[in-house]
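Here is the structure we will look at.
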Amino acid sequence: MKNLVDFHCHLDLYPNFQSVIKATEESEIRTIAVTTTPKAWPKNRELTQGMRFVRPALGLHPQLIKSDATEELSIWEQYLPEARYVGEVGIDGGPDFKHTIEEQKRVFEHILKLCSEAGGKILTVHSARSASIVLNLIENCLPKGRGAVVLHWFTGNDNEAKRAVELGCYFSVNTNMLLSNKGQGLIKKLPLDRILTETDGPFIEFENKPVTPKDAENVTRLLANLLQKDSQEIIDIVFSNLRNLLKI
Ligand code: MN
C-alpha cells in the first residue's frame with residue numbers, strides 16, 4: 001500500500017532504534033517520529049536528516065514532567081527553531097499524573113505560546129483525561145493560523161470533540177481506538193477531513209506484538225471497515241488531510 005501515514009510513533013523507544021528508522025523510511029510510510037524528552041531531539045534529527053518519509057518531532061511528554069520541569073523546558077525551547085513538528089506534548093490528567101498537573105499546564109501553555117510566536121509548527125498532542133483543559137489552552141494560546149494541532153488518541157466526549165473540530169484540530173486514530181466501542185463511536189462522528197492515522201508504537205500492541213509504522217496498514221483497514229469505505233479511499237482521504245495540514 002502506498003501513501004500510508006503514521007502521524008505518531010515513538011521510533012526512538014524501540015530497542016533497535018536506528019534500524020527501525022531506516023526500515024520505516026524504506027517502507028515509504030509517512031511517519032512522525034515523536035520524542036518524549038527534548039534531550040532525544042539531536043539524535044532523532046541527525047538520524048532522520050535527508051529522509052523523505054520520516055520526520056522528527058520535538059517533544060516533552062506530560063507523563064515525564066516532574067514537579068519542576070524548568071530545565072527540560074529550556075532545552076525544549078533551545079531546539080524549537082530547528083523543529084517543524086512538535087510532540088509528544090500535552091497534558092495527562094490520569095490518577096498517576098494528577099500530582100504534576102499544575103506544572104504540566106504551565107509547560108504546555110509555554111509550549112503553545114512559543115509555537116504561536118514562531119508560527120508554522122505542527123503539534124501532536126496528548127490529552128488523556130484532560131481534553132477540556134487542553135482545548136482551553138489551545139484556544140487561548142495558539143490562535144488558528146499560528147499553528148496546527150493534531151489530537152493524538154483523543155478520548156474526550158462528544159462535546160469536547162465538537163469543540164476541538166471548531167478550533168481546527170485534527171485527530172490521529174490508532175488500533176486501540178478502532179477496537180473499542182467508545183473509540184468507534186467517536187471516530188464515526190469526526191469530520192472525514194480531520195482524520196489522520198497513527199500507530200503510537202511501541203505503546204500499543206496489535207495481535208500481541210508492539211506495533212510499528214507498518215501497522216498503519218491495519219489502522220487504515222480497520223478505519224475503512226468502520227466507515228464502510230474501501231482502504232484505498234481511506235488512504236486517499238488521510239493523505240489529502242495530511243497535505244492540507246502541512247499547508248499551515
Ligand atoms: Mn505517544
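The values are calculated or read from the model by the stated rules, or taken from the named source; none is laboratory data. No experiment lies behind these values; they were computed from the predicted model shown. No Cβ is skipped: glycine too gets one built from the backbone with ideal geometry, and neighbour counts run over all protein chains shown. Protein only, heavy atoms only, side chains kept; ligands, DNA and RNA dropped before computing areas. Shrake-Rupley method; radii C 1.70, N 1.55, O 1.52, S 1.80 Å.
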inquiry  = Give me the percent relative contact order of the chain, please, defined on Cα pairs under 8 angstrom at least 6 residues apart.
reply    = 19 percent
task = Take the Cα atoms of the stretch 50-136, build their convex hull, and give its volume per residue in Å³.
result = 100 Å³
Whole-percent carbon and sulfur share, accessible surface of the stretch 1-140, 1.4 Å = 49 percent
key: Accessible-area order (highest first, 1.4 angstrom probe) of the listed residues Arg163, Arg106   = Arg106, Arg163
request  = From the C-alpha gyration tensor of the stretch 21-65, pull out the three semi-axes of the equivalent ellipsoid (sqrt of 5λ each), sorted largest to smallest, in whole Å.
outcome  = 21, 11, 7
ask   = For Lys113, which lysines qualify as cross-link partners when the Cα separation must be under 18 Å and same-chain residues fewer than eight apart are set aside?
value = Lys105, Lys121, Lys144
query = Put Glu71, Glu217 in order of accessible area, largest first, 1.4 Å probe: what do you get?
reply = Glu71, Glu217
task = Please work out, to two decimal places, the log10 of the ratio I(q)/I(0) at q = 0.09, 0.16 Å⁻¹ from a Debye calculation in which every Cα of the chain carries one identical scatterer.
result = -0.34, -1.18
request  = Would you calculate a helix-derived [θ] at 222 nm for the chain, using -39,500 (n - 2.57) for each DSSP H run of n ≥ 4 and dividing by the full residue count, to the nearest 500?
outcome  = -13000 deg cm²/dmol
request  = Specify which residue in the list Ile91, Ala57, Met1 is farthest towards the positive end of the charge dipole of the stretch 1-103, using unit charges on the beta carbon of Lys, Arg (+1) and Asp, Glu (-1), about the Cα centre.
outcome  = Met1
task = Take the Cα atoms of the stretch 126-174, build their convex hull, and give its volume per residue in Å³.
result = 65 Å³
ask   = Thinking of the stretch 169-218 as a set of Cα atoms, what percent of all their pairs are more than 16 Å apart?
value = 39 percent
inquiry  = I need to check one value: relative contact order of the stretch 184-248, counting alpha carbon pairs closer than 8 Å and at least 6 residues apart, in percent.
reply    = 33 percent
remark   = For the stretch 1-111, inverting the pair-averaged 1/r of distinct alpha-carbon atoms gives a Kirkwood value in Å of 14.5 Å
Net charge dipole size for the chain [Lys, Arg +1 and Asp, Glu -1 on Cβ; Debye, nearest 20] = 520 debye
ask   = If you roll a 1.4 Å probe over the heavy atoms of the protein chains, what accessible area per residue do you get for the chain, in Å²?
value = 45 Å²
note = Cα-only Rg/Rh for the stretch 117-248 with Kirkwood Rh rounds to 0.95
task = Take the Cβ-Cβ distance between Thr70 and His99 as r, set R0 to 25 Å, and report the resulting FRET efficiency rounded to the nearest 0.05.
result = 0.90
task = With a 1.4 Å probe and every protein chain kept in, tell me what percent of the accessible surface of the stretch 198-248 is carbon plus sulfur.
result = 45 percent
key: Length gained when the stretch Lys188-Asn157 is fully extended (0.36 nm per residue, less Cα-Cα span)   = 9.9 nm
task = Using label points projected 7 Å from each Cα along Cα→Cβ, tell me how many nm separate Glu28 and Arg84, to one decimal.
result = 1.9 nm
ask   = Hey, what did the stretch 1-66 get for relative contact order, percent, Cα under 8 Å, at least 6 apart?
value = 33 percent
message = On a 1.4 Å probe surface of the protein chains, which of Glu103, Glu139, Glu198 comes out largest in accessible area, and what is the full order?
response = Glu139, Glu103, Glu198
